[in-house]
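Heads up, the thing below is written out as structure tokens.
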Amino acid sequence: MSEKKVIIFGGTTEGRRLTEYVSDAGISAHVCTATQYGENLLPLGEQITVSHERMGCDKMCGLIRSLRPLYVIDATHPYAKEVTENVRAACDICSVKYLRLVRERGEEFQDVIFVESTEEAAGLLREIPGNVLVTTGSRELERYTVLDDYKERIYARILPAEESIIKCEKLGIRGRHLICMQGPFSTELNTALIREYDIACMVTKDSGAAGGVPQKYEAAKAAGIKLIVIGRPKEEGFTCQEIIRILEDEPGLCHRRKRKVILAGIGPGDFGFLTKQARAAIKKADLIIGAKRMTDAVAERGQEVYTAYKPEEIVAYIKEHPEYSRIVAAFSGDTGFYSGAGKLLKLLEEEPDMEPECMPGISSVSCFCARLGISWEDAAFLSVHGRKGNPLSVIRGHEKTFVLTGSSQDVREICLSMTEADMGALPVCIGVNLSYENEQIFRGTAKEYTRYDGGKLSILYIYNPLGRNSLTVQGLPDSSFLRGNVPMTKEEVRCVCISKLRICKNSVIYDVGAGTGSVSVEAALKAPAGCVYAIEKNEEAAGLIRENSRRLGTDNLTVIKGEAPEIFRDLPVPDCVFIGGSGGCLRDILGAVIQKNFRVRIVISAITLETLTEAAKICKSIKKKEEEILQLTVAKARLAGKYHMMTGQNPVYIISFTCDEEEKGK
């Protein structure tokens, strides 16, 4: 064999994990296992060679001298004391760096029987009646022959290796009493075996999470049987992660490798909703990372877990810990539905040594619809969980609306807004803690839940039978608005002005001199994911805007009482600005909005020639593009006896353009 950088002794779980790591990292290595079966379990790699043989110190020295490794890693079983002594001695003789891999101590369990040896465990079993499930392997099974009826009482779970089976046969443990299986074993499988064989007591070694002790403990507890734990000798060394760190820090040893990062949707929360694909990925993971609720839901006992909420924090932690090769970032619901997975995916794709993959999950909406017995392909979706939404405009325009909420207050505010917008009678359903044992579903009307105080993990369903036929055109009838004694931009003029603003669904819009708010309301309806600021100094007009906004359900409209341009200071940067009244401050208003956004879209309406002249003069000094000035004259028919007579309205001048100024502050 050619020289190797690393020799690994051991066919343990950690040994297999180290082998997989050195293979991924491009490290030439030789792996020694005691049996052919152990060799067959190892992952293959171009620079990995494997042998199976039980070796003493002399043979180990010969292997080390022939391969001349930088490191020898002892990843043998914690109870293989003699083998560890031989590996350590061989490294001392050959002057090679020795790394002992130790399993981390498991958690302290209650209501178990701790003993120091197999002999002590066998002695205790004389006093404990019933069948015994021995999960400590085949090597020390002869210790249980001190029991007079061991052939009837002992059920041995061993590896499906020929030499192990032969040894059990010689001891008289055969047939149904011989359970040949390769781990790891889940709590469910352990529990099933306990019940199948009517087990009264289970024996295990204190082999930590890698040895499946937490799952054995949970199964014993669930079945109400005794668990005997054989303690392991205390030893010093390094964890698997620490050894990987040492190899990573060795100059020139590791080559760049792709680290698998799986972004897994875990469903509504209950483990039973986890997909088979995601469950398999989580089981193999070196690290589970994500918000605490997610990691608590899916991480197995003993698994490495790190709590992080922000995508940047997750990426930073993964980069700082190269010892983790297979990582699962857990997200609630589905990774493609109102999930933080999208942002994390973009960040991971920028990292050259990371290979991200998304695994979908069952969304809370899908779960809720199944509970309600309704379809959701024709529904609208909105989330106000950690973000600002505009549910009223969505509810008004759709027959079915689902809103993901983050608190009871979110539910109360939505139902209160609906009630104030004359939608309080609409039926709503609230799904709380979906998939959990304490799941609840409430049915009623929006008005009934204005004081809702239920669970935080809620999803809201609103049914609006009129939503299917809601108006989608701009230019609401003038009769839709309360007017009072306040000037209002009329329907046809308003329709043209809204068109010239070129509003996007997420635009930030100023309506300066908003009057009754007719333009503000229509702009808000055109930008359901945006926001509109209706700026008005007149108290009566401000009140009318609020009332019109309430009646038409535009919860993304905010009334700002004050004078422009001073009031702009604390407002967000606008995308579009409509100026219906300037109070003689047009130049200052234009200068202020351009200062906030040098690419802003502006529409100005003027009725008098003096206003038009002033506006045209001021606009000459502005660098702009797509400029257009038009005059709009509308005439409407009225009945005069049995005839229709056309009556003309005052002409309106509309100036529109997009600013093209240099960026301020450069």
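Test GLU627 against the criterion of being closer than 22 Å to ILE498 by Cβ, among the charged types (D, E, K, R), surrounded by 11 or more Cβ atoms within 10 Å (Cβ to Cβ) and out of contact with any Asp or Glu (no Cβ under 9 Å at 6 or more places or on another chain), and give yes or no. Yes: the conditions hold for GLU627. For the range 216-244, a residue qualifies if it is part of a loop (DSSP other than H, G, I, E, B), of a type in the set (D, E, K, R) and either touching a helix residue (DSSP H, G or I) at 6+ places or on another chain (Cβ under 9 Å) or at positive phi (or both), and exactly one does: GLU235. Looking across the range 535-578, the residues that are surrounded by fewer than 22 Cβ atoms within 10 Å (Cβ to Cβ), over 15 Å from ALA524 (Cα atoms) and touching a residue at least 60 places away in the same chain (Cβ under 8 Å) come down to LEU571, PRO572, VAL573. Only one of the numbered conditions (1) of a type outside the set (Ser, Thr, Tyr); (2) surrounded by 22 or more Cβ atoms within 10 Å (Cβ to Cβ); (3) in contact with a Cys (Cβ under 6 Å, 6 or more places away or on another chain) is not met by TRP376, and that is (2). Of all the listed residues (ALA615, ALA640, ALA592), the sole one being in the same structural domain as LYS537 (by TED's automatic domain parsing) and farther than 24 Å from ILE503 by Cα is ALA640.
Give the number of residues within the range 206-243 that are aromatic (Phe, Trp, Tyr) and under 22 Å from ILE128 (Cα atoms). Steps first, answer last, please.
We begin by selecting, within the range 206-243, every residue aromatic (Phe, Trp, Tyr); these are 217, 238.
Still in the running and under 22 Å from ILE128 (Cα atoms): 217.
Matching residues across the range 206-243 total 1.
Take the residues of the range 132-147 that are among the hydroxyl-bearing types (Ser, Thr, Tyr) and more than 14 Å from GLU120 (Cβ to Cβ): which is surrounded by the fewest Cβ atoms within 10 Å (Cβ to Cβ)?
Kept after step one, since they are among the hydroxyl-bearing types (Ser, Thr, Tyr), are these residues of the range 132-147: 135-136, 138, 144-145.
This time we only want the ones that are more than 14 Å from GLU120 (Cβ to Cβ), so: 135, 138, 145.
Values: THR135: 23, SER138: 22, THR145: 14.
Of everything passing the filter in the range 132-147, THR145 is surrounded by the fewest Cβ atoms within 10 Å (Cβ to Cβ).
Inside the range 118-131, can you point out the residues that are assigned to a helix (DSSP H, G or I) and either acidic (Asp, Glu) or buried (at least 22 other Cβ atoms within 10 Å of the Cβ) (or both)? Step through it out loud before you land on a result.
As a first pass, look at the range 118-131 and keep what is assigned to a helix (DSSP H, G or I): 118-125.
If the condition is that a residue be assigned to a helix (DSSP H, G or I) and either acidic (Asp, Glu) or buried (at least 22 other Cβ atoms within 10 Å of the Cβ) (or both), then GLU119, GLU120, ALA121, ALA122, LEU125 are the ones that fit.
For the range 80-93, indicate whether the set of residues that are modelled with pLDDT under 95 and in a loop (DSSP other than H, G, I, E, B) is non-empty. Checked against the condition, which is being modelled with pLDDT under 95 and in a loop (DSSP other than H, G, I, E, B), the range 80-93 yields at least one hit.
Is at least one residue of the range 165-176 aliphatic (A, V, I, L, M), in the same structural domain as TYR197 (by TED's automatic domain parsing), in contact with a strand residue (DSSP E or B) (Cβ under 6 Å, 6 or more places away or on another chain) and in contact (Cβ under 8 Å) with a residue 24 or more places away in the chain?
Step one: filter the range 165-176 for residues aliphatic (A, V, I, L, M), giving 165-166, 171, 173.
With in the same structural domain as TYR197 (by TED's automatic domain parsing) added as a condition, the list becomes 165-166, 171, 173.
In the following step, the residues that additionally are in contact with a strand residue (DSSP E or B) (Cβ under 6 Å, 6 or more places away or on another chain) were identified as 173.
Retained after the next criterion (residues that are in contact (Cβ under 8 Å) with a residue 24 or more places away in the chain): 173.
Yes, the range 165-176 contains at least one residue that is aliphatic (A, V, I, L, M), in the same structural domain as TYR197 (by TED's automatic domain parsing), in contact with a strand residue (DSSP E or B) (Cβ under 6 Å, 6 or more places away or on another chain) and in contact (Cβ under 8 Å) with a residue 24 or more places away in the chain.
The test for being closer than 28 Å to ARG412 by Cβ and outside the structural domain of PHE402 (by TED's automatic domain parsing) does not hold for LEU501. Scanning the range 427-459 for residues that are in contact with a Ser or Thr (Cβ under 6 Å, 6 or more places away or on another chain), at pLDDT below 95 and in a strand (DSSP E or B) turns up VAL432, SER458, ILE459. Taken together, the residues in the range 48-65 that are among the acidic types (Asp, Glu) and either over 20 Å from VAL96 (Cα atoms) or touching an Asp or Glu at 6+ places or on another chain (Cβ under 7 Å) (or both) amount to 1.
Does LYS561 satisfy being within 30 Å of ASN390 (Cβ to Cβ), more than 40 Å from the chain's Cα centre (by Cα) and basic (Lys, Arg)? Please lay out each step first, then the result.
Working: within 30 Å of ASN390 (Cβ to Cβ): yes; more than 40 Å from the chain's Cα centre (by Cα): yes; basic (Lys, Arg): yes.
In short, yes.
Going by the conditions given, is GLU661 surrounded by 13 or more Cβ atoms within 10 Å (Cβ to Cβ), part of a loop (DSSP other than H, G, I, E, B) and at negative phi? If you could, list the steps in order and put the result at the bottom.
Numbers: surrounded by 13 or more Cβ atoms within 10 Å (Cβ to Cβ): yes; part of a loop (DSSP other than H, G, I, E, B): yes; at negative phi: yes.
The answer is yes for GLU661.
Within the range 430-441, residues that are of a type in the set (Asp, Glu) have Cβ atoms under 6 Å from residues that are assigned to a loop (DSSP other than H, G, I, E, B) and buried (at least 19 other Cβ atoms within 10 Å of the Cβ) in no pair, counting only partners at least 6 apart in sequence or on another chain.
For the range 579-608, enumerate the residues that are among the aliphatic types (A, V, I, L, M), within 26 Å of GLN649 (Cα to Cα), touching a residue at least 40 places away in the same chain (Cβ under 8 Å) and crowded, with 17+ Cβ neighbours inside 10 Å. Of everything in the range 579-608, those that are among the aliphatic types (A, V, I, L, M), within 26 Å of GLN649 (Cα to Cα), touching a residue at least 40 places away in the same chain (Cβ under 8 Å) and crowded, with 17+ Cβ neighbours inside 10 Å turn out to be ILE579, ILE602, VAL603, ILE604, ALA606. The residue of the range 593-615 that is nearest to the chain's Cα centre (by Cα), among those that are part of a helix (DSSP H, G or I) and under 21 Å from ALA523 (Cα atoms), is LYS596. Among the residues here, GLY424 qualifies as touching a Cys at 6+ places or on another chain (Cβ under 8 Å), of a type outside the set (Val, Ile, Thr), under 29 Å from VAL532 (Cβ atoms) and not in a helix (DSSP H, G or I).
Considering TYR449, TYR510, the condition of being over 30 Å from PHE368 (Cα atoms), in contact with a strand residue (DSSP E or B) (Cβ under 8 Å, 6 or more places away or on another chain), touching a residue at least 12 places away in the same chain (Cβ under 8 Å) and among the aromatic types (Phe, Trp, Tyr) is satisfied by TYR510 alone. The set of residues from the range 295-349 being among the β-branched types (Val, Ile, Thr) and either in contact (Cβ under 8 Å) with a residue 40 or more places away in the chain or in contact with a strand residue (DSSP E or B) (Cβ under 6 Å, 6 or more places away or on another chain) (or both) comprises THR295, VAL298, VAL305, ILE314, ILE318, ILE327, VAL328, THR335.
The values are calculated or read from the model by the stated rules, or taken from the named source; none is laboratory data. Just so you know, these numbers come straight off a predicted model, no measurement behind them. A quick note on method: Cβ atoms are made from the backbone with ideal geometry, for glycine too, and the neighbour counts reach across all protein chains shown.
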